[in-house]
Amino acid sequence: MPTETPSSKYSPVESRVEERVATTEVPKARDAVHDEDGYINKMKHFLTTATLANSSKTKPSKNCNYSFTLLFILGFVLSLFLTIFIWFTDLYTNELYKRLTIQNGSLLYDSWKEPPVRPLMCVYIFNYTNVNEYMSGMHQKLKVQEVGPYCYRETLYRVNITDHKNGSQTFNEMKVQEYAYDASNGTDNDIIIVPDIPLISAIALTIEENFIIRNAMSSFLNHVSNSPFVTVSVYDFCFGYQDDVIRALATMAKLANKAIPFEKFGLLIKRIGVNPDRLTVINGLDNLNQMGQVIQLNGKSMLHPWSTDECNSVGGSDGMFFPRLKIQQGETIHLFHKDSCRKLPLTFHSKEKIKNGVIGHRYSLSINSFNNSIPENRCYCTSTPCMPDGIFDMGKCSTRSPVVVSRAHFLHSDPSLLDAVEGLNPDPKKHEFLWLIDPILGITMETQMRIQLNIQVRNPHGYGSLAKIPDNTILPFTWLEIKTGDVSPKLSMLLFHLTFTVHWLQTFLMCLSLVGLLGTSFCLMRMLNRRLSNNIVIISSEIQLKDRHTEKIPIC
């Protein structure tokens, strides 16, 4: 019987143990793989369910975030637009001031058409007190005594207005005067002795005529009047009188088949009713800074009495509005004086506080305005030699009349002018030409326009009664003061709002736009950073999962 080796013996216990070992070793490797896959699947399932749960919970908040984002973007755009609009452009002020032009329908149109402020026009007259003594040779100088003022409250209307497409308007001025007893010293029935202006003017016009005409004219006028002075009432002197000299001149004009120069003479006769001169001014719609500037007189932009185009050009303010940018910078401005056919330069004098705390800029007539010795005024020299400094000859602008203009009492004029007569006392406080202007709108707030009228005796051949007065003697006969007091309450309140309310409103809008721009920019940056951070966290989590899955693969 063969012997069995130990290795071939059957042992149930061993076989079971080996089987148990075999069956237990293989599942361990499989379970390890399955466990790793299960962990990854569980993590994915957890992240997925967590994300879904989180997304389901935060869905309303995401909609809110989108709404807030849109609001912030809209706020940022509006703030940016407002910042550019307020800080870097003039659109805000331009749009505001466009409603303050003088075009038909604007806020200022009615005030321009019928100014609510009625200026006070005061007439100071030089009454000659020693005419008989001077003419008889007893006195060497004529003496004058200032009388008045005789004041008239003047109402201005702009009528026959024509609007043009080029941003300008043409009109006539109509003025109505009413005697102001409360502001006057005396009545307009007072009797005065003044130079006979029609007589002196008529003789001056014969200078360039031949000997026969000059002699005939002088003889005829001497027969009519034996004195170069006339006695009239203040009212007649201001608003017109007719005497033998005027009637004689009218007769001579008819015989010569010429137009009668005037039916009666009056100092203020041209200021009554509608003035025939038509002015054209810029209404400010296209060029706000030029609002109220005169560009044409009777349809002409260039006049012809003077020797240069610069002096002949029409320009300057009509008296109500001035270029506001020049006012703000204190530059020289110009006033157009149509009776003199020229622009009067006004220079900055000082700043002055008025009602409601509004600051006005005080201007005065340039000290060299009537000085013919300076180069810029050479064009106004119409005689040889030129007029002495302080005198402006306006004869070529009108009817070649020897009426000349100066400051009141020959202020800032050649001293020789004061030597011709006695009784003149120039005082800057009383006789300076002043203008107060609002720098915000460029509108006139107060005026003290003082101009003196004089007659120059032109009788080089010594004819008639004028022979006793030296040739080229300048005789003053009146000075006018046109002044406006306080501005109307409506205009005063408008100037207050333009000066303070608009300024603070603009400052508030500037601050608001800047705060809004910075605030919306900050919020948008935070939202952007938060969104970027969330995206980075999600991407990092996915990368970590992938890396971990990749590291576990070799275990399999």
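The values are calculated or read from the model by the stated rules, or taken from the named source; none is laboratory data. Keep in mind the model is a prediction, meaning the values are calculated, not measured. When we count neighbours, we look across all protein chains shown, and the Cβ atoms used for this are built from the backbone with ideal geometry, even at glycine. With ligands, DNA and RNA removed, areas are computed over all heavy atoms of the protein, side chains included. Shrake-Rupley method; radii C 1.70, N 1.55, O 1.52, S 1.80 Å.
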* Identify the residue in segment 122-146 that is in contact (Cβ under 8 Å) with a residue 60 or more places away in the chain and of a type in the set (A, V, I, L, M) and, among all such residues, is surrounded by the fewest Cβ atoms within 10 Å (Cβ to Cβ). => M135
* Applying the selection to segment 174-189, what residues are in contact with a strand residue (DSSP E or B) (Cβ under 7 Å, 6 or more places away or on another chain) and assigned to a loop (DSSP other than H, G, I, E, B)? -> A180, S184, N185, G186, D188, N189
* **Qualifying residues in segment 148-166 (those that are more than 24 Å from the chain's Cα centre (by Cα) and surrounded by fewer than 17 Cβ atoms within 10 Å (Cβ to Cβ)) - the one farthest from N287 (Cα to Cα)** => R153
* To do: Among residues belonging to segment 351-365 that are more than 16 Å from F322 (Cα to Cα) and open to solvent by less than 40 Å² (accessible area, probe 1.4 Å), point out the one that is modelled with the highest pLDDT.
  => V358
* Being surrounded by 15 or more Cβ atoms within 10 Å (Cβ to Cβ) and out of contact with any helix residue (DSSP H, G or I) (no Cβ under 7 Å at 6 or more places or on another chain) is the filter here, so list the residues in segment 286-314 that pass it. => Q290, M291, G292, Q293, V294, I295, Q296, L297, N312, S313, V314
* Output the number of residues of segment 190-226 satisfying the condition of being surrounded by 15 or more Cβ atoms within 10 Å (Cβ to Cβ), over 46 Å from the mean Cα position of the chain (by Cα), touching a residue at least 24 places away in the same chain (Cβ under 8 Å) and in a loop (DSSP other than H, G, I, E, B). => 1
* Structure fact -> When every residue in segment 405-435 that is in a helix (DSSP H, G or I) and charged (D, E, K, R) is compared, the one surrounded by the most Cβ atoms within 10 Å (Cβ to Cβ) is K430
